[in-house]
1. Identify the single condition in (1) assigned to a strand (DSSP E or B); (2) at pLDDT 85 or above; (3) of a type in the set (F, W, Y) that Y69 does not satisfy, given that it satisfies every other one.
2. Please count how many residues of region 31-68 are charged (D, E, K, R) and exposed (fewer than 10 other Cβ atoms within 10 Å of the Cβ).
3. Report every pair of residues separated by at least 6 positions or lying on different chains whose Cβ atoms are under 8 Å apart, first residue within region 20-46 and within 29 Å of V64 (Cα to Cα), second assigned to a loop (DSSP other than H, G, I, E, B) and at pLDDT 85 or above.
Amino acid sequence: MRTFLLSFVCLGCCSGLFAQDLRNSPWHIVAEQIDPNEYYGVTVANGMMGLVSSAEPMKVHDVVLNGVYDYYQRGRVSNILKAFNHIDLDLILDGVRVA
């Protein structure tokens with residue numbers, strides 16, 4: 001058991017030597033310039049409420065509610081209802097407002 005644990009720890013330490021370089025990794029995506037007109041936000045939700053990201057970092061574009069639909073908008077089809085942005089908080093690091 002002791003040998004197994006020691007070999008497991010050594011394997012974990014040595015695995016960092018074979019890690020990929022992020023500058024040459026095909027899985028690392030870098031966005032240099034973001035056009036707000038061509039930006040489509042990503043929704044992060046917990047099953048009751050969702051947040052749609054904004055083109056501006058550390059901002060929320062929309063807040064959507066799960067299970068709440070509006071049937072009388074475009075063409076009488078069900079649309080997810082957008083709520084007011086009650087998540088509009090300020091992020092302050094070392095006394096400096098980040099967003």
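1. (2)
2. The first filter runs over region 31-68 and keeps only residues charged (D, E, K, R), leaving 32, 35, 38, 56, 59, 62.
Now narrow it down to the ones that are exposed (fewer than 10 other Cβ atoms within 10 Å of the Cβ): 32, 35, 38.
The total comes to 3.
3. I34/A55; D35/A55; P36/A55; Y39/S54; Y39/A55; G41/S54; G41/A55
Listed here are the residues, each with its yes/no results for (1) more than 20 Å from the chain's Cα centre (by Cα); (2) of a type outside the set (D, E, K, R); (3) modelled with pLDDT of 80 or more; (4) not in a strand (DSSP E or B).
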| position | (1), (2), (3), (4) |
| --- | --- |
| F4 | yes, yes, no, yes |
| F8 | yes, yes, no, yes |
| C14 | yes, yes, no, yes |
| D21 | yes, no, no, yes |
| V30 | no, yes, no, yes |
| Y40 | no, yes, yes, yes |
| V52 | no, yes, yes, no |
| V63 | no, yes, yes, no |
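The values are calculated or read from the model by the stated rules, or taken from the named source; none is laboratory data. The shown structure was predicted, so the numbers you read here are calculated from the model rather than taken from an experiment. Ideal geometry is used to build each Cβ from the backbone, glycine not excepted, and the neighbour counts take in all protein chains shown.
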